[in-house]
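Working notes, structure below.
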Amino acid sequence: MQRCLKWVKYLPGLGVEPTVITVDADQATYPVRDESLLHEVPPGVRVIRTATLEPFGSYQKLTGRAVPHGGFANEGRPSLTQQAMRFVRGNLFIPDPRRGWNAYALAAVEKLLTQGSTFDAVLTSSPPHSTQLIGLALQKKHGLRWLADLRDPWTDIYYTKDLHRTAAAAWLDARYESQVLRGADNVLVTSPETERLFRRKLPDLAKGKIVVLPNGYDEPDFCGESAPPADCLRITHTGTITARYRIGHLLRAVADCARRYPAVPLRLRFVGQVDAGVREQVEAAGLAGATEFIPFVPHQESVAYLLSSSALLMGIPDVALNKGILPGKIFEYLAARKPVLCVGPAGSDADLVLRETGAGLALPYDDYELMLSTLTGLAERWQRDPDLDLPASPAVARYSRRGQAAQLAELIRAGQATRRG
């Protein structure tokens, strides 16, 4: 959501007039909402909200549980009912249960075209990957130039195995994925490894068709003062985290570091959705008394928690093809200018970004010694000076949302020139 929001925020100033088609908030079902971000949509931008048809209301009634987070992060160990619901979701709703919105979105576009509106390009962003089928339909019917923005892999996304798909359902989903990758004029991805993944599947895709446009940070979000605590070394994680992120060894290293440096009060803080498995790991490490859990907060409050930290924790889930996972939070972590403890595979795209910017490096899931040495280094630095903030880095500046919107605007203009030619 932030990716599209920031594009809409900056494109008008770059000579591109966006029209947004989205779901009526009163009819949508989402795990969390952040209404505070609405003020970032420029006043002159046309926003069209439509009806939708989604099964999540029925899901809530049948299970008595909240709408699933991405990757089922809020479900922990699934019950038999939840397992059955996952089977239904994976085999009857392909690519995903949000597909019920497509007819309404397409009708909204048809109405605009009938009224005389013209467009130089259509951009569809996913997941949910069913949204890409809207772009496919519009291109086939109207020949509109189409940019397919895939923020995550499609059939290879890590929670696909939890959907218990039959061979027929997997085949159909893969067919949709191929149609989108081949049909779009450009495919936008957030990491180099995701581009490599798609090219391994379809090696005949034209050179330059896939464009790596990473996520980023919005400079105005970080205009507040950094305020690292002087009374403790506080490590903060923001966003969703599950047991799949395998931070157990890091938690044990935090506990061991605290014993080695009793003069350095080590504290952990999780802001957002934390599943039961992670809470159990915190307990097992003996860190319950040193850990604070804060539920979901609006984005600007989340940024404030980053700025009031000594160091920041992030994880890459231990799943197949995880070297291409480059979460949006990494760029906000970089903007906060704190040391980053990243539990994940060495050589991953996230690891390369952290090394490039000097913010840290990936700590492999089972490399306890590297985790402990990294933490003891922070503790020793904190004893000398509680302010562990990093110097400003030109390498970080290239991930600004404004700059990425400029790249998108250039891509749209390049397409206009190609079509005129």
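For the chain, the longest principal axis of the C-alpha atoms and the axis of helix 368-384 are separated by about 70°. Measure nothing fancy, just the Cα-based angle from helix 401-420's long axis to the longest principal axis of the chain, in degrees from 0 to 90, nearest 10. It works out to around 20 degrees. For the chain, modelled as a GNM whose springs connect Cα atoms under 10 angstrom apart, the maximal fluctuation among D275, D349, D162 occurs at D162. Whole-Hz Karplus values for segment 253-270 come out as 5, 4, 5, 5, 5, 5, 5, 6, 10, x, 7, 10, x, 8, 10, 10, 9, 10 Hz, taken residue by residue from phi with 6.51 cos²θ - 1.76 cosθ + 1.60 and θ = phi - 60°; glycine and proline positions read x.
Give the average over all directions of the projected area of the C-alpha convex hull of segment 337-421, one decimal, in nm². Don't skip to the end; give the middle numbers.
Numbers: hull surface 30.3 nm².
Hull-based average projected area comes out at 7.6 nm².
Taking the longest Cα principal axis of the chain as reference, the axis of helix 167-183 is set at about 70 degrees. Under a 5 Å amide H cut-off, with hydrogens placed 1.01 Å from N, T291 pairs with L268 among residues at least 5 apart or on other chains. A Gaussian network model of the chain, with springs between Cα atoms under 10 Å, assigns the largest mean-square fluctuation among V187, V340, V23 to V23. Take the Kirkwood radius over Cα pairs of segment 222-397, plug it into Stokes-Einstein at 25 °C and 0.890 mPa s, and you get 153 µm²/s for translational diffusion. Which option, (i) 1.14; (ii) 1.02; (iii) 0.97, is the value of Rg/Rh (Cα atoms, Kirkwood Rh) that was calculated from these coordinates? Identified label for the calculated read-out: (iii). A DSSP coil position with no more than 10 other Cβ atoms inside 10 Å describes none of the trypsin sites (Lys or Arg not before Pro) in segment 313-421. Rounded to the nearest 500, the 222 nm mean residue ellipticity of the chain from helices alone is -12500 deg cm²/dmol, with -39,500 (n - 2.57) taken per DSSP H run of at least 4 residues. The phi torsions of segment 84-95, fed into the Karplus equation with coefficients 6.51, -1.76 and 1.60 and a -60° offset, translate into couplings of 5, 5, 5, 4, 4, 4, x, 10, 9, 10, 10, x Hz, rounded to whole numbers, with Gly and Pro shown as x.
Please find, in a Gaussian network model of the chain (springs between Cα atoms separated by less than 10 Å), the residue of G183, G315, G216 whose mean-square fluctuation is greatest. Evaluated over the chain, the most mobile residue of the options is G183.
Once you order the gyration tensor axes a ≥ b ≥ c over the Cα atoms, which shape class does segment 74-227 get: rounded for a/c under 1.5, otherwise prolate or oblate by comparing a/b with b/c? The shape class here is rounded.
Between V212 and V45, full extension at 0.36 nm per residue minus the direct alpha carbon distance yields a gain of 57.5 nm.
Computed from the coordinates by the stated procedures, all read-outs in this text should not be read as laboratory data. Since the model is a prediction, treat every value here as computed from it, not as a measurement. Methodologically, a virtual Cβ is constructed for each residue, glycine included, from the backbone with ideal geometry; neighbour enumeration extends over all protein chains shown.
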